[in-house]
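Peer 1: The structure that follows is given in the form of C-alpha cells.
The values are calculated or read from the model by the stated rules, or taken from the named source; none is laboratory data. Being a predicted model, the structure only gives us computed values, none of them experimental. A quick note on method: Cβ atoms are made from the backbone with ideal geometry, for glycine too, and the neighbour counts reach across all protein chains shown.
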Amino acid sequence: MVLCVNVSNSNILLGGYQEGTRRFCAALHTAAADTADELAVKMQAVLALHQVDAAGLDGAILSCVVPALLGRVRGALGLLYGGRLYVVGPGLKTGLAIRMDDPGQLGGELVCAAVAAKERGPLPCVVVSMDTAVTMLALDEAGALRGGAVMPGVRTGLEALCLRTAQLPQVDLSVPPCGVLGSGSVSCMQAGALFGTAAMIDGMLDRFGQALGLRRAPACVATGEPAELIAPLCRHPVQVHPHLVLDGLYALYRRNTKS
C-alpha cells in the first residue's frame, strides 16, 4: 500500500492506495504546535483504524503547504516508515507544464489537484480548491496550467465578519432554508457566504473562459469540504471530487516510481 499525505492549513489528509485503488481516506485537524512524535502517534492511530501496518507500506508521498510543519511531518513519517519518502516540490516529476512567473511558488496541494484534474479531463478546465482560501487554476486544452486566482475562503470570510463586527454571531456553514433572501442575521450570513461564493465562482468561470479564448465557460472541478455545499448553488456545472488532491498525489507517486 502507498500512503499519500497532504498537509493543508486546515487539515492533514491521509489516503491509502493499493493496486490503483483508494482503500481509505482520513482527515486530522492541522495543529501547528504538534511535535513530530505527536503527529506520528495520530497517524499511526489512523493507520491502525484501517488495519494498515505502517512498517509494511510499499511507499509514501507527502505534500505540505505549511512550511513550519514540513520538517515535523517528515519526521513523523520517518518514525513510522523506513523507506523513501517522496515530497512534492522541486525535483519531483509532475508532467504538468506550469506557465506562471514562478512555478516554485505554487503550493504542492494545488499541483496535486491540477495533476488529478488533467488526468480525469475534460480539458480545458478550472480547478477550484476550497480550504482556508478559495483558489482557482486554469488548465488549457493542452493541459498546461496557465494561471489562476486566490480569494478568501468561505469559513475565513465568516470568521472575519465575526471578529470585525460587534453584533454578527458565529454561524454554522449550511444552506439556509429561506434561500438567498436571508430572513435574519444567521440566514443572511449563511446566504452571503454560500450563494455569494457560488456567484463568485460562476463569474470567475466566465472570465477564465474569456482569458483562455473560449466561447463559453470551461469545465470545472472542485475539491475541499465546502465544495459539496457550494457546487449545487452554482449556475455553471461544477463536479465535486473530495479526494482530488490525494488522487493527484498518488498519480505523482506512480509517475516518479513508474509503478
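Peer 1: Filter the stretch 218-241 down to the residues that are touching a residue at least 40 places away in the same chain (Cβ under 8 Å) and in a loop (DSSP other than H, G, I, E, B), then identify the one that is surrounded by the most Cβ atoms within 10 Å (Cβ to Cβ).
Peer 2: Gly224
Here's the yes/no breakdown for (1) surrounded by 13 or more Cβ atoms within 10 Å (Cβ to Cβ); (2) under 20 Å from Ala116 (Cβ atoms); (3) in the same structural domain as Pro152 (by TED's automatic domain parsing):
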| site | (1), (2), (3) |
| --- | --- |
| Val7 | yes, yes, no |
| Ser10 | yes, yes, no |
| Gly20 | no, yes, no |
| Asp34 | yes, no, no |
| Ala40 | yes, no, no |
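Peer 1: Leu70 fails exactly one of the following numbered conditions: (1) farther than 23 Å from Gly153 by Cβ; (2) surrounded by 13 or more Cβ atoms within 10 Å (Cβ to Cβ); (3) out of contact with any helix residue (DSSP H, G or I) (no Cβ under 9 Å at 6 or more places or on another chain). What is the number of that condition?
Peer 2: (1)
Peer 1: Would you pick out the residues in the stretch 242-259 that are of a type in the set (Ser, Thr, Tyr) and either in the same structural domain as Val127 (by TED's automatic domain parsing) or buried (at least 16 other Cβ atoms within 10 Å of the Cβ) (or both)? Before the answer, list the steps.
Peer 2: Filtering the stretch 242-259 for residues of a type in the set (Ser, Thr, Tyr) gives 250, 253, 257, 259.
The answer is Tyr250, Tyr253.
Peer 1: Any chance you could count how many residues in the stretch 166-184 are loosely packed, with under 10 Cβ neighbours inside 10 Å and more than 19 Å from Leu229 (Cβ to Cβ)?
Peer 2: The total comes to 2.
Peer 1: Taking the stretch 73-101 as the search range and keeping residues that are of a type in the set (Lys, Arg) and farther than 15 Å from Val5 by Cα, which one is surrounded by the most Cβ atoms within 10 Å (Cβ to Cβ)? Explain how you work it out, then say what you get.
Peer 2: Within the stretch 73-101, the subset of a type in the set (Lys, Arg) is 74, 84, 93, 99.
With the extra rule that they be farther than 15 Å from Val5 by Cα, the set shrinks to 93, 99.
Working: Lys93: 8, Arg99: 11.
Filtering first and then ranking leaves Arg99.
Peer 1: May I pose another question? For the stretch 221-234, check the following and say yes or no: at least one residue is at pLDDT below 90, of a type in the set (D, E, K, R) and either under 20 Å from Leu158 (Cβ atoms) or assigned by TED's automatic domain parsing to the domain that holds Thr21 (or both).
Peer 2: Yes, because at least one residue in the stretch 221-234 is at pLDDT below 90, of a type in the set (D, E, K, R) and either under 20 Å from Leu158 (Cβ atoms) or assigned by TED's automatic domain parsing to the domain that holds Thr21 (or both).
Peer 1: Determine which single condition Met100 fails, assuming it passes every other condition in (1) under 30 Å from Glu141 (Cα atoms); (2) modelled with pLDDT of 95 or more.
Peer 2: All conditions pass for Met100, except number (2).
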